[in-house]
Amino acid sequence: MVNLTLIIALPLLMAFTMPIFKMLNSKLPKFIALLTTAFNLIVLSSNFTEIMAAPLILELGGWQAPFAINLYVGPLALVAAFLINGSAFILSIYNLSQDYQFDDKFYLLFLMITAGASGMVMTGDLFNLFVFIEITSIAAYSLTTFAGGSSYEASFKYLIIGGVGSVFLLLGIGFTYSAVGSLNLAEIAASAGLINPLLLQITALLFLIGIGIEAELFPLNFWVPDIYTEAPTAVSGIMSGAVSAAGIYALARIFFTLFPAQQFFNYLLVIGVITLIMGELIAYQQENIKRMLAYSSLAQMGLIVTVISLGTEAAVKAGLFQLINHSILKVLLFISAGVLISAAGSKKIKDLAGLGTKKPTAAFGFTIAAMGILGVPFLNGFISKFMIISSSLNADQFLITFLILAAALIEIAYYLKVVQKLYFEDLEIEVKNTAVITVPVILLTLLIIGLGVYPQLIAEPLEKAAAEILNNSRYIMTVLGGI
Amino acid sequence: MLTKYIFVPAAAAFAAYILNKKNKKAGATITALVSAYLLLSLALIYGSWELNQSFNLSLMGYQLEFLMALTPLSWLFAVLTSAISLLIAVFSIDSQADFKFSSVFNLNFLLVIGSIMGVLFARDFLTLFIFWELMTWTSFYLISSGKKKMAGRAAYRYLILSAAAAYSFLMAVIFIFQQTGSFAFEPAAEFLLNNSAPQSILLLLAISLPFWVKAGIFPLHVWVKDAHGNAPKEFSPFLSGMLLKVGFYGLIVVFHQLSFFKIIENTIAYRGLPLLSYLFALLGAVTIITGTILAIRQEDMKKLIAYSSISQMGYIIIGIAIATPLGFSGSMLHLMNHLIFKSTIFLALAAVIYRTGTTKMYEVGGLIFRMPLTFAAYLTAIIALAGIPPTNGFISKWVIYQALIEKGYLFLALAAFFGSIASFMYVFKPLSTVFLGQLKPQHQEIKEVPLLMKIPMLILIGVIVLFGVFPGIQMNIISQISGDLGIETVNYSLYSIQGAFGAWNSLYIFNVFAAGFVIALLVFGLAKKSKLVGLLDTYSSGEYVTDAESYHYAYQYYRPFDRLFDNLAAKSLTGFYETLTANLLKSGESFRRIFAAGRVQNYALYSVLLFVILAAVGWII
Amino acid sequence: MKFRNLIALVITAAFALIILQAFTITPAAGEITLNEFGKADINNRTAQLYLNKSVNTDNKKVIYQESKNLESGSANIVTSVVANYRSFDTLGEITVLFLAAAGIGVVLNLENSKKKKFAADDSSLILNTGIKLLFPLLLLAGTYIFVYGHLSPGGGFQGGAVIATAFLLKMLSDNKFEIKEISITLVESTAGISFVGLGLYGLVTRGSFLENFMATGTVGQLFSAGIIPLIYIAIAFKVGAELTNIVKNLIEA
Amino acid sequence: MLNFLEEWSFFGGSILLIFIGLYGVLSRKNMIKILISLGLMDTGVNLLLVALGYVEAANAPIINSVNPSNAAAFVDPIPQALVLTSIVIGTAVLALGLALVMKIYDKYSTLNISEIRGLKW
Amino acid sequence: MPLISSFLILIMLAAAAAALAFDDLLSSIIAAGLVSLTAAVLFYFLKAPDVAMTEAAIGAGLTTAIFVLALFKTERGKSE
């Protein structure tokens, strides 16, 4: 019932007024961020049943759907928006115990990166998608620099790659518009079939590169390790939990709706597998725990893209479930790693030895999340790993299944190294006191175990989302229904 | 209601964890109570084989049904698990006094028991996989709570190997699920039967991989030594007693219930046995030989006994692989007997470690004076291990020999003989170094272990002799199992087993030994007592010895024998696995150096390159 | 020419050739391809609806100074697209500039860094007197541009940029000219709030965000085109304040 | 013939500008030059977008006293609106990039990107 | 009209190439400013007055100013 545009409009309003809040009382921005993300979650859940029945079209500016910007919120977009605002909510709880130098600017940027990601997920217009990608990227450039030190280089590198990516994206939008004559995804999809195959291929590749950078695909994701390592913990959390999910959504929306040719899915399959294997192998080498988590999250993104590009409904459902699990687990991993790092005073894994006893909540959070990712039964990772293997075997891709399992094995190797160091080695360094993160850890652990023991909770939205993304003619019908 | 066997230990585990935080002994007592409860309720449901339970769940569009049922085989293993865990729990009430991770230990120990029950009662692959993973994970935590760095690495290697095997299991099982639509054993068995032979064999081998790893058979035995050697002293008996056996439970399920033998019946035979099962038997023989040779070389008592477990596993796999009635019952007998005498040995060694704090044999000596009961327990156990008549070890080895000779496999019989003869050597080494010889000065005031640790050892000694004299008790349940699995049973009575070339009457032999023992006792009692000499009052041909230097010869006990196999032991299999994983992961390093060279312009170049390559690929096709 | 640059040249050349290829495709029957230069067929594009202002209504004719109460009412069609049909994009774009200004403020962490003024010696006489003359004129030109945004070419962005250039020149010419941080942030926030407020008001009254809730008057009049001039005024202040903020940060870094 | 020259000059020209910009980003050592080439690429793309919307002998999409009615032929207004936004986004990104360059310069006191190897791994 | 635009495009491309080729940063910034300026005029030829004004004001004006400021805060500040 509550109009879903508020999910973007309200954070915008709060962001613009953040400097004034800061003048009123310096502690205010923290709580404003928390309240806004909480409000977003309430708005999303209030629309839950309605969207499960039929996708919602929200016209912006009151213009008839396909001829101006409209938001298309289907089950998939709702699930992704829940994921984004959920991780933002939990990270803003985590932020209550943190303090940043320019905290009004931090929370302003934090709200805007969440609103940008939600925008990417809900928009039904191509250029609007470009604008939201730019909002998310520029918020990410600035948020990374809050950690000081060499985060400026990481941010500069990401800016350059983001700049090149936006040029590709703009070229793609230009070609699509001048070929088809409209910027609305449904209208383009309707007449995509008539486009000359060569032009279609060039435009699709332009989009692949442009959005691939956000979706962390293989040759485009070298900014990921630098950014996730140098950025403050909350920023790495929101980037790996929410922004990468939005990137995957955008990639899926573009390729399932506009360019559903099998040839592009084969490209995505190959790129996804390479990202998976490369990510896992390099993650094993890392000594810096945040860099290890960064490579692990880009490997998981590769896994999700691989599974989704198999194209069958079971595969897309498995990919989506893995995306949800990955976001929850990664947010918990980054929060716990953040506390462990500030306790040990160094990002090196070998300095984290023996922290299990001194920092029980953070160590427990890290272990339960690592168990989740490794697919220990009764945790959410197990169900999605099972679904991934059965769907990829169903699409009789034996080599892909073997590679996925081999990658999972390497993953076990490097996560266990850290868990063992935490618990079964003695403490050498004196422990500094750190933030209290019991609330986020408890919330996320309940979510992990809840989804693991009773996944039926989100079975229905997943089924609807997978069905919706796969059948683009229904997407075209719902948007162009009137005309 | 079979799920109670899983949920009771699981619930008790968390209770034990919390209570143990306050009082160190609470955890172990709770484990003992739970195992006793399980043992009792299992005894009550003996015979009701139709007991089963299933509940189905539509999960994410998959119709999954979780089946559980009680079969004679799973009943036997469940009884063995709860019995051995009861004894270990009683033993560890006192022995965990100084153990830092005792609450985590009890939590995981109960979870391991619960998950083993889950594995045993599972009648479909999904439940089996879930509880198998849980068993692996909880035993991983148990092993890594042992000696600091080495336990971590050992547990780490154990988990990686089992995880790799579990994934091959998962892949094969899901493939079958796609063909048959369900995870249960029966539809899978008859699908595999009328499927093309090579594919079924491949599938079944993939399914049996985790069982081979857990059973510690030759190529996959690398984890056993480190895991046993470094695990906490209370967990080693369970690890080598029960965990290795769960692997055999799986193998029996694959061979008989999933009709692996029926499938390979018509494949090429070798000397009257399908080639594949002869290969498995050969693997068993090689395991015996390598286990024995490597056991002799060890200086750490727990590692030595770990290798002896590996070599004893060889006997069991030989029995199962040749699949004759004698062979099968021999291996089941040996499985039970090995569990009993191996846990006695480990408990005795745990008692030694509890008192002296070290696992190195050359650091201790002459403990017979201070810890006579532990010595007695250890002595009876190694007599059983070596296979000397009045004990149960002899019977099972005798039946396996009968089976081998009956089929005329000389090499396997030779390996079995070598295994049991050489076991004298590695068994005698700890006896002489730890218990005999001179008592080290610092161990003068060692006392015997407390009562609660004595009881399990006494019970086990009694069971060794009991089964040695009346094997019939074991044969009842084994014949139930072979009847259920479709293998004809060996005829037996309470105290005799009919082998291929004549029966074995254990009561008669026991009387002879008892008579001999009595006579020896009389002679010892009546004869003149020998003068008690101070241990360190050593006399060495006129040379005047001032300090209390002991002539107790313990280090590198069998140096001449070891020199024979030095080059063989050098090429240990673990080295092979280490190098394999090392350079696989080194490729990751080179991958990183090529691509993440840190220059942002390279990154931008790769994105444009991707565009050009994909355009070219699209243009060519 | 270093070897690395050669590879880069070859790859970029290949990229450019592929893009060029997109223009040289000869369309087979019924296929859509890019039209040649100057041949963009507007009539089956959404642009045609914007030109006829017939998205919700099926209006045909838009006559300067005559047609009344059209759906968008702005004479300058580009302004109607930017501020009315696709005003959500412009809102997004304003946020990008806002985040960039905030980001620069953080990166150069101005608040506690000592005020290092621009080291240029006091600039030449001509520059000072010229700017003293030009400053008010530039402000006037900027205001004209964004106030007449919906009638003649120009609008919020261009007006804001001109105002920012005026302040830039002022700051360059004399070092004592100091804009307090508070005033810039206040202008920025109020302008942002008013833009989003307009959108929310549209949402509350007309049911969808950024919907025009005022009468659109006759095309070509100053007071016409509903909320478009209001939006453009808000945009002008916001862009002006932000660009001045960016320039001020760069000068004082 | 003239139209052919015009077509090739606009489309070809803008793509060449993108090519120069992209080559600049990939090859130049100096960080400010990289940002300049990024700016060039943006200008090139904007030029291409507007050129795609150009109609021969049509006038600017503004109804004023010169062409009072919408019956006359107009150029496509949508690419112009898009380019308006993309120019400002490009400038915002460049400004942030320059601020980062200044900060990196304070630390490494060089603008040569190959000497900034802080993030080895 | 077409001849002038082709000529302007040539100037723009030359200025762009010069922007990369110059060693002195200030002259390459000025060359980039020239590119934006010619682009603004070209937008005018493409009947896009709004875009021309934006490109002139923001592209040529402010961006060049920002680049020069950044230059004087880094390299050029050092050499003086």
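The values are calculated or read from the model by the stated rules, or taken from the named source; none is laboratory data. As the structure is a computational prediction, the values presented were derived from the model and not from experiment. Methodologically, a virtual Cβ is constructed for each residue, glycine included, from the backbone with ideal geometry; neighbour enumeration extends over all protein chains shown.
Descriptive notes on the structure:
- Filter result (farther than 30 Å from residue B:59 by Cβ and small (Gly, Ala, Ser)) within the range A:400-453: A:435
- Qualifying residue in the range C:87-102 (condition: at the interface with chain A (Cβ under 7 Å from one of its Cβ atoms), polar (S, T, N, Q) and buried (at least 20 other Cβ atoms within 10 Å of the Cβ)): yes
- Pairs with Cβ under 8 Å, 6+ apart, first in the range B:407-422 and small (Gly, Ala, Ser), second at pLDDT 85 or above and exposed (fewer than 13 other Cβ atoms within 10 Å of the Cβ): none
For every residue, the table says whether it meets (1) touching a Ser or Thr at 6+ places or on another chain (Cβ under 8 Å); (2) within 7 Å of another protein chain (Cβ to nearest Cβ).
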site: A:118; (1), (2): no, no
site: A:122; (1), (2): no, no
site: A:130; (1), (2): yes, no
site: A:135; (1), (2): yes, yes
site: A:151; (1), (2): yes, no
site: A:161; (1), (2): yes, yes
site: A:179; (1), (2): yes, yes
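- Filter pass, residue C:35 being more than 9 Å from chain A (Cβ to nearest Cβ), part of a loop (DSSP other than H, G, I, E, B) and either surrounded by 15 or more Cβ atoms within 10 Å (Cβ to Cβ) or of a type in the set (A, V, I, L, M) (or both): no
- Filtered residues of the range B:396-426 (kept if at pLDDT 85 or above and basic (Lys, Arg)): B:397
- Counted residues, the range C:40-64 - those being in contact with a helix residue (DSSP H, G or I) (Cβ under 9 Å, 6 or more places away or on another chain), among the charged types (D, E, K, R) and within 12 Å of chain D (Cβ to nearest Cβ): 4
- Every residue from the range D:1-32 that is at pLDDT 90 or above and within 14 Å of residue D:54 (Cβ to Cβ): D:13, D:14
- In the range C:55-77, residue nearest to residue D:75 (Cα to Cα) [restricted to those that are free of Cβ contacts under 8 Å to residues at least 40 places away in the same chain and buried (at least 20 other Cβ atoms within 10 Å of the Cβ)]: C:77
- In the range C:155-178, the residues that are over 12 Å from residue C:241 (Cα atoms) and over 13 Å from the mean Cα position of the chain (by Cα): C:169, C:170, C:171, C:172, C:173, C:174, C:175, C:176, C:177, C:178
- Restricting the range C:186-241 to residues that are hydroxyl-bearing (Ser, Thr, Tyr) and farther than 19 Å from residue C:97 by Cβ, the residue that is modelled with the lowest pLDDT: C:224
- Screening residue A:332 against (1) under 15 Å from residue A:414 (Cβ atoms); (2) in contact (Cβ under 8 Å) with a residue 60 or more places away in the chain; (3) of a type in the set (A, V, I, L, M, F, W, C) leaves a single unmet condition, (1).
- Lone unmet requirement of (1) buried (at least 18 other Cβ atoms within 10 Å of the Cβ); (2) more than 7 Å from every other protein chain (Cβ to nearest Cβ); (3) among the charged types (D, E, K, R) for residue C:211: (2)
- In the range A:364-381, the residues that are assigned to a helix (DSSP H, G or I) and buried (at least 23 other Cβ atoms within 10 Å of the Cβ): A:365, A:366, A:369, A:370, A:372, A:373, A:374, A:380, A:381
- Residue that is surrounded by the most Cβ atoms within 10 Å (Cβ to Cβ), among those in the range D:69-121 that are out of contact with any strand residue (DSSP E or B) (no Cβ under 8 Å at 6 or more places or on another chain), within 7 Å of another protein chain (Cβ to nearest Cβ) and small (Gly, Ala, Ser): D:99
- Condition met for residue C:12 (within 24 Å of residue C:154 (Cα to Cα), among the polar types (S, T, N, Q) and either facing another protein chain (nearest Cβ under 7 Å) or in contact with a strand residue (DSSP E or B) (Cβ under 7 Å, 6 or more places away or on another chain) (or both)): no
- Exactly one residue out of A:458, A:442 is farther than 23 Å from residue A:301 by Cβ, among the hydrophobic types (A, V, I, L, M, F, W, C), part of a helix (DSSP H, G or I) and out of contact with any strand residue (DSSP E or B) (no Cβ under 6 Å at 6 or more places or on another chain): that is A:442.
- Filter pass, residue A:210 being buried (at least 24 other Cβ atoms within 10 Å of the Cβ) and closer than 30 Å to residue A:94 by Cα: no
- When each of A:97, A:155 is tested for being within 7 Å of another protein chain (Cβ to nearest Cβ), more than 29 Å from residue C:86 (Cα to Cα) and of a type in the set (S, T, N, Q), the lone residue that passes is A:155.
- Options A:416, A:444, A:427: the member that is in contact (Cβ under 8 Å) with a residue 60 or more places away in the chain and closer than 13 Å to residue A:368 by Cα: A:444
- Among the residues of the range B:354-408, those identified as among the hydrophobic types (A, V, I, L, M, F, W, C) and part of a loop (DSSP other than H, G, I, E, B) are B:364, B:367, B:368, B:369, B:371, B:388.
- Every residue from the range A:137-148 that is within 8 Å of chain C (Cβ to nearest Cβ) and farther than 18 Å from residue A:118 by Cβ: A:141, A:142, A:145, A:146
- Residue within the range B:82-94 that is within 13 Å of chain A (Cβ to nearest Cβ) and among the polar types (S, T, N, Q) present: no
- Enumeration of residues in the range D:55-68 that are farther than 13 Å from residue E:45 by Cα, surrounded by 14 or more Cβ atoms within 10 Å (Cβ to Cβ) and more than 7 Å from chain C (Cβ to nearest Cβ): D:67
- The residue that is surrounded by the most Cβ atoms within 10 Å (Cβ to Cβ), counting only those in the range E:13-28 that are more than 7 Å from chain D (Cβ to nearest Cβ) and touching a helix residue (DSSP H, G or I) at 6+ places or on another chain (Cβ under 7 Å), is E:15.
- Odd one out for residue B:358 among (1) of a type in the set (Ser, Thr, Tyr); (2) modelled with pLDDT under 85; (3) under 30 Å from residue B:503 (Cβ atoms): (3)
- For the range A:415-451, a residue qualifies if it is closer than 30 Å to residue A:321 by Cβ, hydroxyl-bearing (Ser, Thr, Tyr) and modelled with pLDDT under 90, and the qualifying residues are A:423, A:438.
- Taken over the range C:16-32, the criterion of being free of Cβ contacts under 8 Å to residues at least 12 places away in the same chain and either under 17 Å from residue D:76 (Cα atoms) or more than 7 Å from chain D (Cβ to nearest Cβ) (or both) is satisfied by C:17, C:18, C:21, C:24, C:25, C:26, C:27, C:28, C:29, C:30, C:31, C:32.
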